[in-house]
Structures are given as C-alpha cells and as structure tokens.
Amino acid sequence: MQRHTLTGSHRSHMKHATTGLALPRGTLVHRALSNIGEIGLGRWLFETWRRRVVLPLISWPHRPMKGSELLIAELTGQRGLEIGGPSRFFRNGAQLPLYPVLSGLDNCNFSSDTVWEGALQEGVFSLDNRVVGHQYICEATEVSERLHDRRYDFVISSNCLEHVANPLKAVEAWLSVLRAEGRLIVVVPNKASNFDRLRSVTSFEHLKLDYRRDVGEDDRTHFDEVLECTDLRLTSKRAVGGIAEFRKMVMQNARLRCVHHHVFSAKLLCKIAEHFGLVDIQVTNVGTDFVLVARTANN
Ligand SMILES: C[S@@+](CC[C@H](N)C(=O)[O-])C[C@H]1O[C@@H](n2cnc3c(N)ncnc32)[C@H](O)[C@@H]1O
C-alpha cells in the first residue's frame, strides 16, 4: 500500500484509479479507496472492523494484569533471563511492567538476524538505552547447555513459545537456569484473537511426543495444518502477503521461525506447569494473550 503524507494546501488532487473521482491525495477517503481497490471491499471492511473495533476492545486498555502489583514487588531488584525479548508486555505502562524494576536482564534469541529484531549481536543487551545484561544468540531449547552455570531469579518469555517446535524441551531448559523458588512467566497468544483461530489447540500428548522424539526447529509436522487453517485475513498483509508468499515463508521456517508450531490454551499451559512440578501456578487471559505465572519448588 502506498502511503501519502501530503497535507493541507500542499495536497494535490488526483483521479482515483478505482472510482475515477478527483480526490485530494492523502485524505482518508483517498486512502480507503486505494485500499479497497487493492484488496477488495469485503476484505477492507473486515480489516477495518478488526482494526478499529475488535483489537481495541480486546487489548484496551493495556492495564496491568491482575496480580501484577504483587509480582512486580516480588521481582523488583531481581535478575532474570528473557527468551525472544524484548517485549511490549513487560514495558512501562504495559500489562506486566517488569523492565523498569529489574536489576538485570539477559536476553536470548535464536539468530543474529530475525524477522522481528533485525540484526542482533551477541554481547551487550540494552533496554531503552540502559545496559541491563547480555544478549545471547542461542536457541530457546539450548539455554541449559549455553547458560548451565547461571541461576536466574526469573525467566520470562512473551509470544515466543508458540514458535518453538519442541516446547517441553524449551521449558525444561528455561527451568534449568532458574533458582529454587524462581519465577517462570510465559505469555502466549490466545488463538481467538489471531490468525490461529481456526486451528485446534495442541494436545499435551503431542507435546510429549515432540519431546520424546527430540523434535528440532526443522520440524514440518504442522505445515499442512498451518497452510490450510491460518486465517490470512488476520495476518498483516504487509508482512505476509498472499497465500503464495505465505507458503514460501512457511517452507523457510527453519530460518525465519514465523510459523506457530503449536496453539496453546490456558489448560495446556497449566498442564505444562504441572508436568514440571511447578507450584503457585496461575494462568490468566490478559487481552489477546494467556499468561502463565508459576514458581519452581524450594528444593
Ligand atoms: C513473535 S516475536 C515476539 C517478540 C516479543 N517477545 C514480543 O512479545 O513482542 C518472537 C520472538 O521469539 C524469537 N524466537 C523465535 N523462536 C525462537 C527460538 N527457537 N529460540 C529463541 N528465540 C526464538 C524471535 O526471533 C522473536 O524475537
């Protein structure tokens, strides 16, 4: 989509390609008509309704999640590890504003070139220009080997676990670097609010099978389902494009990691926490996400 930024008296008038009307460029009407011409009236109406009505309703306001004050108090001055950060969820004014209160945070990402972060370097990790810790280039599932000598007060991750082919292996690795009574906080998307809405929630049995088979990031088990059931109307057209581009992206997943291998529910998150013997388990629905908050036992 072309962006027009001309305003006021500098606006030129232009015959609109779809309607033939002479409309000032850059106006809402001109932009809307361009979009309709590009993606069709049906999809435009749907996108507009989703963007203007549905998303603001489910994500507004980014009020702190229930119980966040206690968690913030508990984690103030502590040192943690994030997987696939940084995340809006933990920023000042967001649902769980941890970043402003922690004393240190290391971050882990699978590659030095990701769709989300662009170029990354192993080394210093900063939040809002404040150096807070170390940036590791490391698979989520390999944290245990890479950071075996570390013990963090907490491990956090937002909107990352669904991209991991072997979630139980990943969570096991994250727990291995947590101290006794350390906090695990995992945020995953609620399928009702995104392009996974037509997919089924992954069964816990399936996760166990992935673990037993030691499935890696080149796993293609879910590709057919992803291609068949992803609601492309709910993806960003700019990022994903049409079905042909989407298929290409899925096929390159070992490098790009855009696929949601698995779809989570509150119940599935709870089962994962129970499986690892975590205590004080809470799973809540916060806006467009499910949030698991749990603690390792004290031994
Ligand atoms: C959807 S983005 C979410 C970004 C951010 N956490 C947020 O909530 O806005 C997923 C992030 O997880 C990272 N990621 C995906 N798979 C990973 C893996 N196997 N190991 C480590 N990081 C991974 C991606 O590179 C990206 O930074």
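The values are calculated or read from the model by the stated rules, or taken from the named source; none is laboratory data. On a predicted model such as this, the values are computed, not experimentally measured, just so you know. Note: ideal-geometry Cβ built from the backbone for every residue, glycine included; neighbour counts use all protein chains shown.
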Any residue in region 118-137 that is of a type in the set (A, V, I, L, M, F, W, C) sitting within a Cβ distance under 7 Å of a residue that is outside any strand (DSSP E or B)? List the pairs, counting only those 6 or more apart or interchain. ALA119/SER112; LEU120/SER112; LEU127/PRO86; LEU127/TYR99; ILE137/SER111; ILE137/SER112; ILE137/LEU120; ILE137/GLU122
Complete set of residues in region 115-155 that are within 19 Å of TRP174 (Cβ to Cβ) and in a strand (DSSP E or B): PHE125, VAL132, GLY133, HIS134, GLN135, TYR136, ILE137, TYR152, ASP153, PHE154, VAL155
Scan GLY287, GLY241 and give me the residue that is at positive phi and surrounded by fewer than 17 Cβ atoms within 10 Å (Cβ to Cβ). GLY241
State whether the residues of region 173-182 include one that is among the basic types (Lys, Arg) and within 15 Å of the ligand (Cβ to nearest atom). no
Give the residues of region 99-112 that are more than 10 Å from the ligand (Cβ to nearest atom), surrounded by 17 or more Cβ atoms within 10 Å (Cβ to Cβ), among the hydrophobic types (A, V, I, L, M, F, W, C) and in a loop (DSSP other than H, G, I, E, B), sorted by residue number. LEU102
Considering only region 23-79, give the helices (runs of 4 or more DSSP H) lying wholly within it that have at least 1 residues that are at pLDDT 75 or above. 28-39, 41-49, 68-75
Flagged pairs (Cβ under 6 angstrom, 6 or more apart or on separate chains; first in region 93-112, more than 14 Å from GLY182 (Cβ to Cβ); second more than 12 Å from the ligand (Cβ to nearest atom) and of a type in the set (Ser, Thr, Tyr)) are LEU96/SER68; VAL101/THR76
So how many residues does region 87-98 have that are within 12 Å of the ligand (Cβ to nearest atom) and closer than 13 Å to SER68 by Cβ? 6
Hey, among the residues in region 156-188 that are of a type in the set (Val, Ile, Thr) and outside any strand (DSSP E or B), which one's surrounded by the most Cβ atoms within 10 Å (Cβ to Cβ)? VAL171
Output the residue which, of all residues in region 142-153 that are within 15 Å of the ligand (Cβ to nearest atom) and in contact (Cβ under 8 Å) with a residue 60 or more places away in the chain, is surrounded by the most Cβ atoms within 10 Å (Cβ to Cβ). VAL143
